[in-house]
Amino acid sequence: MKTKQVIVWTLIAIGMFSLLYFAGKGASNLQNEAENQSTNTKVNSESQLTASETFYDFGTISMKDGKVSKVFKISNSSEGDINLMSVSTSCMCTVAYVAGQDGSKKGPFGMPGHGVVPRVNEIIKAGESRDIEVIYDPNAHGPAGVGIVDRFVYLEDENGNKLQFEIKANVTP
């Protein structure tokens, strides 16, 4: 009987130490993540890609009317070239295109993990601008996709600097 009690108490002690170890490791990871986000925020705030408008509300839109789009203009406000490396979206219902200086169109760029999201590799020279066309498909989520939607488009340059656009809509059937 004593042997069973020793085994049980040993297992309880091991369980408690494991719990404390992993809880401490989780807290350490959270602290490291917070520090990384703080660092990223500093880097991202230095982005030389700028836009006069980063938010657009489509208002109330109907699923039966189909896709809606918005063009955002980005500019290189630095004295050097910027290589726009990637464009991605927060949801599969949203895609973005980058209009080249020559009028060409690169894309579609969508949500990572839902098909191939190609690299943009678009050089934006000092003082130049590009159009980012964002297309939202209210039918992408089917009948359950009604109500308020909030989607994001992320642009990232070769240095990890980011610029974010946000679109909203109230989707009706």
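At 7 Å along the Cα-to-beta-carbon direction for both residue 71 and residue 10, put a label point, then send me their distance in nm to one decimal.
7.5 nm
Which FRET efficiency value, to the nearest 0.05, do you get for residue 92 and residue 158 by plugging their Cβ-Cβ distance into 1/(1 + (r/R0)^6) with R0 = 30 Å? Don't skip to the end; give the middle numbers.
Values: r = 26 Å, r/R0 = 0.87.
According to the calculation, E is roughly 0.70.
Tabulate in residue order the Karplus-calculated ³J(HN,Hα) for the stretch 65-80, using 6.51 cos²θ - 1.76 cosθ + 1.60 with θ = phi - 60°, rounded to whole Hz; enter x for Gly and Pro.
Whole-Hz 3J(HN,Hα) from phi for the stretch 65-80: 7, x, 5, 10, 9, 9, 9, 9, 9, 10, 9, 9, 8, 8, 9, x.
Given points 7 Å out from each Cα along the Cα-Cβ axis, report the residue 79 to residue 166 separation in nanometres with one decimal.
Inter-label distance under the simple model: 3.4 nm.
Taking 41 Å as R0, compute the FRET efficiency from the Cβ-Cβ separation of residue 131 and residue 64 and round it to 0.05.
On the way: r = 28 Å, r/R0 = 0.68.
In this case the efficiency is close to 0.90.
Which entries in the list 67/162; 106/162; 67/106; 70/105; 125/168; 73/162 go over 24 Å, if you measure between the two C-alpha atoms of each?
Values: 67/162 26 Å; 106/162 19 Å; 67/106 19 Å; 70/105 15 Å; 125/168 31 Å; 73/162 15 Å.
With Cα atoms farther than 24 Å apart: 67/162; 125/168.
By counting other Cβ atoms within 10 Å of each Cβ, how are 168, 106, 2 ranked from fewest to most? List each step's numbers first, then the result.
Numbers: 168 14, 106 18, 2 6.
Ascending Cβ contact count within 10 Å gives the list 2, 168, 106.
All of the numbers you see were taken from the coordinates with simple rules; none came from a lab. These numbers come from a predicted model, not from an experiment. Heads up, the Cβs are rebuilt from the backbone with ideal geometry, glycines too, and the neighbour counts pull from every protein chain shown.
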